[in-house]
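J.: Take this structure, written in structure tokens, and hold onto it; I'll ask about it next.
The values are calculated or read from the model by the stated rules, or taken from the named source; none is laboratory data. Since the structure is predicted, the reported quantities are computational estimates derived from the model, not experimental observations. With ideal geometry, Cβ positions are generated from the backbone for all residues, glycine too; neighbour counts draw on all protein chains shown.
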């Protein structure tokens, strides 16, 4: 994106600089902001006044010390708006309302009986006021809605180009929802959204180059390069689970054979464990975790093999991209060291240099919080785009993106 060298752009860049400093380091006085950013005191005062006028920034309490009263710090008011996040899963939707730091204030999981695009949009639309009611913030401004889902997403046009899991081609889901609500809507691949949340407020907060591995129903790995999410030429970057694991191997949901995820996704791990146990529909993730704790040989072997397989493939990725850290999330992370220890071992044996640390993250609502981060990222990057606003049918609130 080529930026014009004008006063408006300079003000926007100063705004981004100050907001990101407050996001990363917490409250700072105007004098501290000027010193750290090397902006003039007048420029800092001007930007802070603008942000305070919008309600984005508030003044904190000045602290008295041995040298007298210290300057009044300013800080981001993450409560001045509410973000809504929807994570579309196989047959359910994980839903969350958060403050603008993606801290959940209400969360529910709802069934998704139909994958027809209009039905999904209807379901999400009626869930928005329900979430706001659960959050007990009826007067809060909805800053926007983020939707994350597995697939190839055209972020700029907010279109699902292709989702094998949903059997969608060129579905404008954000537009469909935006027509039903009067707030901006963003759409993104689920692992990309998760990576944005990790970059803004999570384990990648202090890093400009990181990989974000997700092992659940599928396997994917998003990349943040020099502080920017890398989407690729067609929005298909990060499809790590579709790298080759075995030539002419198991059939994958993408229609090809031998993909990594056909062997070592959480769904594949469960399927192989069930096969080893002679079947059984009542065997799921909770039972697998119990079997691991009991040192069941089949469970330990299958989970360990998955960790080693993913660790080997991950080393190849790291040897090409050289991230500072790897954040690991997804359902398989809940299998703990039975999965992570073999992964780290295989990974460290095959990296060209000393392997970067692998930081596991498994929190409730972490995926839906990633969807909510699609809304909050706009506050910290004026160049980000991809949100769309429709003419609301239900009028939930002012369409004010932060």
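J.: For segment 121-141, give me the residue count where each residue is surrounded by fewer than 17 Cβ atoms within 10 Å (Cβ to Cβ) and assigned to a loop (DSSP other than H, G, I, E, B).
T.: Residues that pass the stated criteria total 4.
J.: Report, by residue number, each residue of segment 259-279 that is surrounded by fewer than 18 Cβ atoms within 10 Å (Cβ to Cβ) and at pLDDT 95 or above.
T.: none
J.: Please verify whether residue 218 is over 15 Å from the mean Cα position of the chain (by Cα), outside the structural domain of residue 86 (by TED's automatic domain parsing), buried (at least 16 other Cβ atoms within 10 Å of the Cβ) and on the phi < 0 side of the Ramachandran plot, treating the condition exactly as stated.
T.: yes
J.: Also, quick follow-up: State all residues of segment 238-249 that are touching a helix residue (DSSP H, G or I) at 6+ places or on another chain (Cβ under 8 Å) and exposed (fewer than 15 other Cβ atoms within 10 Å of the Cβ); if no residue qualifies, say none.
T.: Correct list: 246 only.
J.: Okay, next question. Please determine whether any residue of segment 142-154 is more than 26 Å from residue 235 (Cα to Cα) and assigned to a helix (DSSP H, G or I). Talk me through it step by step, then tell me what you get.
T.: Applying the first criterion (more than 26 Å from residue 235 (Cα to Cα)) to segment 142-154 yields 142.
Subset that is assigned to a helix (DSSP H, G or I): none.
No - not one qualifying residue is present in segment 142-154.
J.: Determine whether residue 368 is touching a residue at least 40 places away in the same chain (Cβ under 8 Å) and within 27 Å of the chain's Cα centre (by Cα).
T.: So residue 368 passes the test.
J.: Let me ask another. Looking at 229, 314 in this structure, which one is in the same structural domain as residue 215 (by TED's automatic domain parsing), in a strand (DSSP E or B) and crowded, with 20+ Cβ neighbours inside 10 Å?
T.: 229
J.: Please go through segment 1-33 and give me each residue that is assigned to a helix (DSSP H, G or I) and either modelled with pLDDT of 95 or more or touching a strand residue (DSSP E or B) at 6+ places or on another chain (Cβ under 9 Å) (or both), ordered by number. Please lay out each step first, then the result.
T.: Start the filter on segment 1-33 by keeping residues that are assigned to a helix (DSSP H, G or I), which leaves 7-25, 30-33.
Those that are assigned to a helix (DSSP H, G or I) and either modelled with pLDDT of 95 or more or touching a strand residue (DSSP E or B) at 6+ places or on another chain (Cβ under 9 Å) (or both): 18, 19, 21, 22, 23, 30, 32, 33.
J.: Go through the residues of segment 102-115 one by one and say whether even a single one is under 19 Å from residue 21 (Cβ atoms), assigned by TED's automatic domain parsing to the domain that holds residue 137 and buried (at least 19 other Cβ atoms within 10 Å of the Cβ).
T.: yes
J.: Please tell me if residue 309 is over 23 Å from the mean Cα position of the chain (by Cα), over 22 Å from residue 190 (Cα atoms) and in a helix (DSSP H, G or I). Walk me through it before giving the result.
T.: Details: over 23 Å from the mean Cα position of the chain (by Cα): yes; over 22 Å from residue 190 (Cα atoms): yes; in a helix (DSSP H, G or I): yes.
Yes: the conditions hold for residue 309.
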